[in-house]
There are 2 protein chains.
Amino acid sequence: MDNSTALSLFRKCIEKYVEFNEAEWIIFSQHLKVSILKKKQYFATPEKVCDNVGYIADGAVRYFHIKDGQDITGYFSFENEFVSSYKSFLTGQPGFTSIQALTDTILVTFTRKDMDQMLSNPMLAYKVERFGRLVAEQYLCCYEDRIASFITQTPEERYTHLLSTGREILQRMPQHYIANYLGITPVSLSRIRRRLLVGTK
Amino acid sequence: MDNSTALSLFRKCIEKYVEFNEAEWIIFSQHLKVSILKKKQYFATPEKVCDNVGYIADGAVRYFHIKDGQDITGYFSFENEFVSSYKSFLTGQPGFTSIQALTDTILVTFTRKDMDQMLSNPMLAYKVERFGRLVAEQYLCCYEDRIASFITQTPEERYTHLLSTGREILQRMPQHYIANYLGITPVSLSRIRRRLLVGTK
DNA sequence: ACTATTTCTTATCTTATGTTAACGTTTTGA
DNA sequence: TCAAAACGTTAACATAAGATAAGAAATAGT
């Protein structure tokens with residue numbers, strides 16, 4: 001995929017939120033950079049401030065935390081989604097999240113500085129504010145559901161619910177990542193799957 | 001507390017995000033309503049669309065879900081915080097969350113319609129977009145931490161972490177609400193407390 | 001002031017999960 | 001192509017959590 005393809009995918013994506021005329025888009029796109037993250041390269045690490053937001057034109061990334069030397073997967077992002085250690089990006093403080101490319105990944109990125117410049121540019125400010133609001137709101141809704149699932153559901157229920165949504169995660173992620181994502185260990189997920197199998201046959 | 005006190009508290013709160021001049025504030029405040037929610041009255045119920053965002057000038061509310069006839073507390077909001085079933089408010093769909101006043105609560109509210117009107121009013125649009133973005137971002141950061149705690153921590157760790165932050169929740173909420181908030185049963189929290197006591201003495 | 005309700009603890013029992021390790025299979029990378 | 005690494009399942013054991021019930025203490029409401 002070439003840079004202009006990546007950029008036009010990005011444009012299509014953000015125009016779900018706000019539309020830009022050509023003049024605006026030219027200025028906006030001056031703040032964008034297309035880059036490739038090779039498999040296993042890091043988009044964010046725990047010690048550093050995550051200074052970028054990325055749009056995944058192609059590929060996938062995995063979010064994880066390290067606890068007691070163990071790697072615990074918390075989330076994934078795929079093509080046509082955004083990626084960032086948001087809290088770190090927004091607060092300017094180091095996050096506790098690592099983000100790593102699962103495959104070679106083509107990204108359209110902009111930095112915190114770029115975002116601040118756009119927010120200070122009268123020609124873009126309003127639309128960038130709006131874009132930011134709508135994206136944040138959308139994530140808020142997702143997070144609300146995820147938190148509710150931890151409070152109201154058992155691990156087995158969370159897994160069957162994930163099955164019922166048929167999310168991409170199921171096809172594309174190894175099971176032990178899915179287990180972490182559900183808040184359990186890989187061994188436990190394997191047992192849950194066994195229970196469900198026995199129950200249905 | 002009278003209405004103007006409530007309104008000026010609200011103004012002080014949102015001016016942490018954006019500042020309004022007098023003309024703007026006059027228009028903004030025309031969209032605001034001060035109301036009282038008596039103890040045990042509902043701000044939101046699962047069947048209905050949550051059409052309001054509230055600012056708590058005084059009082060406190062509890063968010064909960066009903067599962068198998070049981071009431072599971074998910075969150076709290078206190079004075080000087082916002083309250084809404086955000087996903088419902090943002091999507092216009094019924095939520096699954098109930099929100100109930102824990103004590104008589106004084107609210108400054110605006111409806112979805114008010115928000116849309118403000119977003120369409122050129123005099124306010126920019127600042128309201130910005131306000132919305134910053135509030136959503138702040139919640140995003142909180143939610144991110146909360147999700148990480150479910151994935152990386154045991155219930156006991158979540159509780160000791162809550163203790164270490166000394167959050168208001170601890171002083172003002174009965175323990176079985178806190179248990180739900182941590183994703184466990186009240187009985188289990190009681191046992192965790194026992195374990196911690198024995199461990200320290 | 002007194003009763004009803006709520007809250008918290010404790011006990012018992014059952015069940016699910018975490019931990020560790022072993023094994024076979026699949027995938028990866030050189 | 002071949003060795004190393006990653007992956008999924010299973011087993012055994014220890015631990016923690018859920019469910020239920022009972023009882024004491026605190027609180028609320030009248």
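Values quoted throughout were computed directly from the atomic coordinates according to the rules given, and no laboratory measurement underlies them. All of these numbers come straight from a predicted model, not from anything done at the bench. Glycine gets a Cβ as well: all are built from the backbone with ideal geometry, and neighbour counts include every protein chain shown.
Odds and ends about this structure:
- Residue match in region B:146-167 (condition: surrounded by 19 or more Cβ atoms within 10 Å (Cβ to Cβ), small (Gly, Ala, Ser) and within 11 Å of DNA strand C (Cβ to nearest atom)): no
- All conditions but one from (1) among the basic types (Lys, Arg); (2) in contact (Cβ under 8 Å) with a residue 40 or more places away in the chain; (3) in contact with a Ser or Thr (Cβ under 6 Å, 6 or more places away or on another chain) apply to residue B:67; the one that does not is (2).
- Each residue in region B:44-64 was checked for being more than 16 Å from DNA strand C (Cβ to nearest atom) and over 13 Å from residue B:103 (Cβ atoms), and 12 pass.
Rundown of residues vs (1) more than 13 Å from chain A (Cβ to nearest Cβ); (2) among the aromatic types (Phe, Trp, Tyr); (3) over 19 Å from residue B:60 (Cβ atoms), yes/no style:
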site	(1), (2), (3)
B:149	no, no, yes
B:159	yes, yes, yes
B:178	no, no, no
B:189	yes, no, yes
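- Selected residue (criterion: farthest from the other protein chains (Cβ to nearest Cβ)) from residues of region B:125-139 that are surrounded by fewer than 20 Cβ atoms within 10 Å (Cβ to Cβ) and aliphatic (A, V, I, L, M): B:134
- Considering A:169, A:184, A:151, the condition of being within 12 Å of DNA strand D (Cβ to nearest atom) and in contact with a Pro (Cβ under 9 Å, 6 or more places away or on another chain) is satisfied by A:184 alone.
- Test: residue in region A:105-118 that is within 12 Å of chain B (Cβ to nearest Cβ) and among the hydroxyl-bearing types (Ser, Thr, Tyr): no
- Candidates A:159, A:177: the one that is in a helix (DSSP H, G or I), hydroxyl-bearing (Ser, Thr, Tyr), in contact (Cβ under 8 Å) with a residue 40 or more places away in the chain and within 13 Å of DNA strand D (Cβ to nearest atom) is A:177.
- Scope region B:1-27; condition free of Cβ contacts under 8 Å to residues at least 24 places away in the same chain, among the small types (Gly, Ala, Ser) and under 17 Å from residue B:54 (Cβ atoms); matching residues: B:8
- Region B:40-96 - residue that is acidic (Asp, Glu) and within 14 Å of another protein chain (Cβ to nearest Cβ) and, of those, nearest to DNA strand D (Cβ to nearest atom): B:68
- Any hit, region A:24-46, residues being under 16 Å from residue B:145 (Cα atoms), touching a helix residue (DSSP H, G or I) at 6+ places or on another chain (Cβ under 9 Å), among the small types (Gly, Ala, Ser) and surrounded by 19 or more Cβ atoms within 10 Å (Cβ to Cβ): no
- Flag if residue A:93 is among the polar types (S, T, N, Q) and over 24 Å from residue B:181 (Cβ atoms): yes
- Any hit, region B:187-200, residues being under 29 Å from residue A:140 (Cβ atoms), in a helix (DSSP H, G or I) and more than 9 Å from DNA strand D (Cβ to nearest atom): no
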